[in-house]
Amino acid sequence: MRDSNSFHFSMIMSKKKIRWGYAVIYPGDLNIWKGDQLTNKLEFTARNNFKSLQLSLDECRAPERLPQVVDFIQAHDIDIVVGCHLDLQSSDKDARRRKVDTFLENLRTYGPSLRVPIVTTGTPMQRFMRSPSLEEQMDLMADGLADLAKGCHELGRPLGIENHGNHYCSDLVTLCKRVPHLNIFLDTGNCYLIGEKPGPACREAAPYTIGTHFKDHYVHPDPRELKFVIEGAPIGEGDVGLREIYMDLIRLAPNPEKLVMMWEMVPPKDMPTQECIDRSWAFCRSLPDPS
């Protein structure tokens with residue numbers, strides 16, 4: 001009898017080609033920050049064959065920008081990933097509700113033309129804070145994100161909370177179990193920031209993952225200074241174990257055919273960014289082709 005997981009995996013791999021995107025980190029030698037930054041980001045994305053990037057919804061929907069962005073992404077088959085970040089510790093729930101309502105209205109209005117596949121969020125809290133306690137943090141996040149998660153789901157642009165080096169992936173899995181329609185936006189490199197093993201942590205998060213910051217690092221302990229050193233690496237060449245994580249995501253994610261896979265690339269200090277891009281592409285192209 002054919003294994004159901006193997007059959008599920010083979011069906012996925014026969015249907016979908018990963019649309020790699022690029023997110024957030026633009027080293028200085030890319031010259032993104034000179035002149036018109038938005039135009040530079042768009043042109044960088046298209047020039048390097050990426051199919052998504054992260055931008056501010058407010059920036060994209062500005063009247064002087066919207067036609068330019070829409071025309072460009074349509075011409076180059078690019079999706080825009082947007083974020084919504086809330087002050088989850090604030091006692092002013094009415095202000096937060098207004099911010100959520102405004103964001104969702106803008107997402108409803110502009111999401112289709114901007115081709116928004118998912119929405120990301122996060123929290124400035126971290127699990128080792130003394131106050132609020134971790135239990136209190138989980139309550140604040142569950143309460144504060146419920147309406148946003150529900151609204152994004154209803155608009156067909158699901159919400160994912162990022163593991164931004166502040167909570168374990170297991171914490172976010174617990175949160176997703178409490179909050180209907182909340183998902184995880186998985187940063188593969190941030191596991192090291194909080195002392196997690198990336199492989200097991202990402203495997204636990206995979207059934208709730210809708211997108212990634214696909215990131216790699218070289219790491220080593222420094223016992224003299226009692227710290228763990230995390231440095232940039234071309235994607236696939238560091239210590240995170242991205243090949244195994246990729247395979248787990250394709251196998252375990254709730255909608256593998258819709259995963260939003262975005263590089264968040266940190267080049268080594270002595271490596272030109274374009275070389276890092278080329279080496280990262282070589283790794284990504286070596287992964288099993290879902291098509």
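Observations
- Single residue of Thr45, Thr120 found to be in a helix (DSSP H, G or I), modelled with pLDDT of 95 or more, under 19 Å from the mean Cα position of the chain (by Cα) and under 21 Å from Gly189 (Cβ atoms): Thr45
- Checked against the criterion of being assigned to a loop (DSSP other than H, G, I, E, B), open to solvent by 10 Å² or more (accessible area, probe 1.4 Å), touching a Ser or Thr at 6+ places or on another chain (Cβ under 9 Å) and charged (D, E, K, R), the candidates Glu204, Glu237, Glu225 yield just one match: Glu237.
- The residues listed here are His213, His217; of these, the one that is in contact (Cβ under 8 Å) with a residue 60 or more places away in the chain and either of a type in the set (Ser, Thr, Tyr) or farther than 19 Å from Leu88 by Cβ (or both) is His213.
- Checking the stated criteria, Lys258 turns out to be open to solvent by 30 Å² or more (accessible area, probe 1.4 Å), within 25 Å of Leu172 (Cα to Cα) and out of contact with any helix residue (DSSP H, G or I) (no Cβ under 7 Å at 6 or more places or on another chain).
- In the range 33-67, of all residues being without any contact (Cβ under 8 Å) to a residue 24 or more places away in the chain and of a type in the set (Gly, Ala, Ser), the one that is surrounded by the most Cβ atoms within 10 Å (Cβ to Cβ) corresponds to Ala62.
- Residue in the range 10-29 that is part of a helix (DSSP H, G or I), within 30 Å of Thr102 (Cα to Cα) and at pLDDT 95 or above present: no
- Single condition Pro254 does not satisfy, out of (1) part of a helix (DSSP H, G or I); (2) more than 25 Å from Pro27 (Cα to Cα): (1)
- Members of the range 93-117 that are open to solvent by 70 Å² or more (accessible area, probe 1.4 Å) and either farther than 16 Å from Leu53 by Cα or over 23 Å from the mean Cα position of the chain (by Cα) (or both): Lys93, Asp94, Arg97, Arg98, Lys99, Asp101, Thr102, Glu105, Arg108, Thr109
- Checking Leu148, Leu159 one by one, the residue that is in contact (Cβ under 8 Å) with a residue 40 or more places away in the chain, open to solvent by less than 10 Å² (accessible area, probe 1.4 Å) and over 23 Å from Trp263 (Cβ atoms) is Leu148 and no other.
- Enumeration of residues in the range 207-216 that are farther than 16 Å from Ile230 by Cα and open to solvent by 10 Å² or more (accessible area, probe 1.4 Å): Pro207, Tyr208, Ile210
- For the range 181-201, the set of residues classified as crowded, with 20+ Cβ neighbours inside 10 Å, under 22 Å from Gly83 (Cβ atoms) and of a type outside the set (A, V, I, L, M, F, W, C) consists of Asn183, Asp187, Thr188, Gly189, Asn190, listed by residue number.
- Filter result (in a loop (DSSP other than H, G, I, E, B) and closer than 22 Å to Pro117 by Cα) within the range 151-171: Leu155, Gly156, Arg157, Pro158, Asn163, His164
- Of all residues making up the range 73-90, the number that are assigned to a strand (DSSP E or B) and either without any contact (Cβ under 8 Å) to a residue 24 or more places away in the chain or out of contact with any Cys (no Cβ under 9 Å at 6 or more places or on another chain) (or both): 3
The values are calculated or read from the model by the stated rules, or taken from the named source; none is laboratory data. What you see is a predicted model; the values in this text were computed from it and never measured. Neighbour counts are summed over all protein chains in view; Cβ atoms, including those assigned to glycine, are modelled from backbone coordinates with ideal geometry. Calculation scope for accessible area: heavy atoms of the full protein, side chains included, ligands and nucleic acids excluded. Shrake-Rupley method; radii C 1.70, N 1.55, O 1.52, S 1.80 Å.
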